[in-house]
Amino acid sequence: MTTTQPLTDQQFLQRLAEQAGKDGTKTFAVTSPATGQTVVDVADCNADHARDAVERSVKAFDNWRKVNPYERSRLLLAWYDAIMAHQDAIGKIISAEMGKPVSEARGEVAYAAAFVQFYGEEAKRIRGETFSSQFSHKRLYAERMPVGPVYAITPWNFPAAMITRKVAPALAAGCTAIVKPAAQSPLTAVFLAYLWEQVGGPADALSVLTTRDARGVSEVMFDDVRIRKLTFTGSTSVGRSLYAQAAKTLKKVSLELGGHAPFLIFDDADLDLAVNEVIACKFRNAGQTCVCTNRVYVQKGIADAFTQKLVERVAELKVGDPANDATEIGPLVDAAGLEKVQSHVKDAVNKGAQLHIGGNANELYYEPTVLTDVRAGMQILEEETFGPVAPIILFDTEEEAIHQANDTPYGLAAYMYTNDLRRMHRVSEALEYGIVGVNDGGPSAAQAPFGGIKDSGLGREGGHWGLDEFLEVKYVSVGLREPA
Ligand code: NAP
């Protein structure tokens with residue numbers, strides 16, 4: 001049952017503060033990047049807690065897999081209602097723990113909840129297949145079964161959505177899940193699990209391990225053969241190492257990794273649309289998004305007009321306290337993140353890039369920045385910047401644009417702006433990416449496949465593809481021959 005009076009963010013924090021350390025578990029402080037102050041202390045789980053979570057998850061799996069899919073669906077949809085009833089409170093918690101502007105954080109909650117709703121509906125639609133045999137006395141079919149207990153590791157940049165994108169399809173499929181959220185943003189994960197229990201979801205079907213010992217906790221999961229799947233969102237370097245570790249117990253693996261999205265704007269594009277969408281695509285979450293564009297390619301004929309309009313719009317962006325409803329750009333998540341952004345801009349300027357606006361930091365706040373004369377050999381074109389910096393690169397021909405867009409080890413998202421239908425097909429087919437937005441800078445949706453190729457990962461989240469990642473196929477052959 002949903003609580004009649006939704007908790008406020010302060011009531012939720014109060015609950016956490018009362019619980020912290022009560023059972024003797026050590027705690028750690030979650031701090032706000034905006035203020036540097038402690039938001040609240042949470043449990044610092046260790047390997048023993050991880051082993052206990054595995055035991056509970058394995059036991060819960062035995063029951064949860066047998067729960068009727070219509071009941072699983074009902075619980076997921078009740079969870080969706082509870083999340084939406086707490087949209088404001090969860091949004092404020094996201095904002096407090098990792099600095100996302102609160103209005104954007106509320107949007108993330110709705111996006112996160114959409115996965116719970118979608119997979120709540122899909123839970124009833126897990127289908128098998130029958131197929132014919134060359135032998136008349138046989139009947140053949142394939143059914144789908146849950147893969148087993150799942151271990152999910154999530155990053156700090158989308159503390160709600162990266163969890164529901166994994167956990168909702170896992171629960172819909174009949175799997176149980178153990179989530180290890182990023183140490184920087186564990187509060188949202190705890191909030192989501194609390195709501196799951198509030199609506200009657202079995203507690204051990206979804207556990208959260210908040211910890212500063214990601215490695216120690218994860219080793220327990222990698223060593224235990226009963227954890228049948230790793231689903232990870234984070235950096236390519238960590239993903240690569242987890243992939244190798246998961247091989248020990250041959251787990252099924254999904255990896256949502258880094259990106260380096262090109263944004264191609266052709267001479268025939270609608271300029272105002274392209275400018276507005278670069279703003280939305282580049283600057284949301286202060287540029288700390290895996291699908292944020294990191295390279296804006298503009299055809300030479302419109303380059304000056306585009307740059308002028310972009311700089312004007314960037315100048316209007318409101319940087320400030322993420323708790324303020326009007327804020328559009330909050331702080332970066334931490335000092336390491338800021339240092340990376342600063343070093344990319346410095347490297348580009350040292351190598352000849354022109355700074356049109358921005359380029360300064362105040363504590364963890366980095367001004368939205370536009371660079372032109374960006375060219376090959378600059379760090380910003382090779383590594384994820386994860387900050388509010390738009391580098392503009394000029395091109396002459398379609399071929400040149402495609403070549404430069406694909407010239408990266410990453411393959412997550414790409415964007416292209418054109419009004420020419422033939423070009424739209426030619427270019428989108430040539431882009432080596434898992435996601436292409438055509439005149440659309442925000443293509444993500446719960447019902448659509450999200451994921452990358454090359455160094456951007458393995459597998460897909462969202463849509464029926466996302467559910468398949470948590471299902472195994474069981475083939476059954478039935479012999480009908482009468483006894484002799
Ligand atoms: P990260 O450093 O790879 O961390 C991601 C998660 O992995 C965190 O929970 C982290 O825990 C954990 N982790 C780190 N080292 C580990 C280890 N040795 N063993 C087990 N777990 C470990 O990435 P991030 O900086 O948080 O997130 C940003 C990255 O995520 C960017 O590269 C971004 O592109 C990517 N991302 C991709 C997608 C996508 O869908 N493709 C979506 C969002 C973000 P701690 O917090 O405790 O270190």
Only one residue in Ala214, Ala193, Ala205 is farther than 24 Å from Lys454 by Cβ, near the ligand (Cβ under 9 Å from one of its atoms) and either hydrophobic (A, V, I, L, M, F, W, C) or free of Cβ contacts under 8 Å to residues at least 60 places away in the same chain (or both), so which one is that?
Ala214
Selection status of Ala168, surrounded by fewer than 24 Cβ atoms within 10 Å (Cβ to Cβ), under 16 Å from the mean Cα position of the chain (by Cα), in the same structural domain as Arg72 (by TED's automatic domain parsing) and within 16 Å of the ligand (Cβ to nearest atom)
no
Where Ser428 falls short, out of the listed (1) in contact (Cβ under 8 Å) with a residue 40 or more places away in the chain; (2) surrounded by fewer than 21 Cβ atoms within 10 Å (Cβ to Cβ)
(1)
Can you give me the number of residues within the range 99-151 that are crowded, with 24+ Cβ neighbours inside 10 Å and on the phi > 0 side of the Ramachandran plot?
1
Select from the range 402-425 the residues that are open to solvent by less than 10 Å² (accessible area, probe 1.4 Å) and either outside the structural domain of Val291 (by TED's automatic domain parsing) or more than 24 Å from the chain's Cα centre (by Cα) (or both) and write down the one among them that is nearest to Asn439 (Cα to Cα).
Tyr417
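Kindly evaluate Glu219 against the criterion of being under 23 Å from the mean Cα position of the chain (by Cα), among the acidic types (Asp, Glu) and open to solvent by 20 Å² or more (accessible area, probe 1.4 Å).
Taking the combined requirement at face value, the residue satisfies it.
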One residue from Ala247, Ala274, Ala286 being open to solvent by less than 10 Å² (accessible area, probe 1.4 Å), in a helix (DSSP H, G or I) and within 16 Å of the ligand (Cβ to nearest atom)
Ala286
Contact list, first residue from the range 291-302 and open to solvent by less than 20 Å² (accessible area, probe 1.4 Å) and outside any strand (DSSP E or B), second anywhere and aliphatic (A, V, I, L, M) and modelled with pLDDT of 95 or more, beta-carbon distance below 9 Å, six or more apart or interchain, is Val291/Ala261; Val291/Leu412; Val291/Ala413; Val291/Ile435; Cys292/Ala261; Cys292/Ala413
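Only one residue in Thr249, Thr293 is outside the structural domain of Thr38 (by TED's automatic domain parsing) and modelled with pLDDT of 95 or more, so which one is that? Let's see the steps before the verdict.
Details: Thr249 fails: outside the structural domain of Thr38 (by TED's automatic domain parsing).
Of the residues listed, the single one that is outside the structural domain of Thr38 (by TED's automatic domain parsing) and modelled with pLDDT of 95 or more is Thr293.
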Is it the case that some residue within the range 425-434 is among the acidic types (Asp, Glu) and within 16 Å of the ligand (Cβ to nearest atom)?
yes
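The values are calculated or read from the model by the stated rules, or taken from the named source; none is laboratory data. Just so we're clear, the structure is a prediction, and the values are computed from it rather than from any experiment. Cβ: placed from backbone, ideal geometry, glycine included. Neighbour counts: every protein chain shown. Heads up: the accessible areas ignore ligands, DNA and RNA and are worked out on the full protein's heavy atoms, side chains in. Shrake-Rupley method; radii C 1.70, N 1.55, O 1.52, S 1.80 Å.
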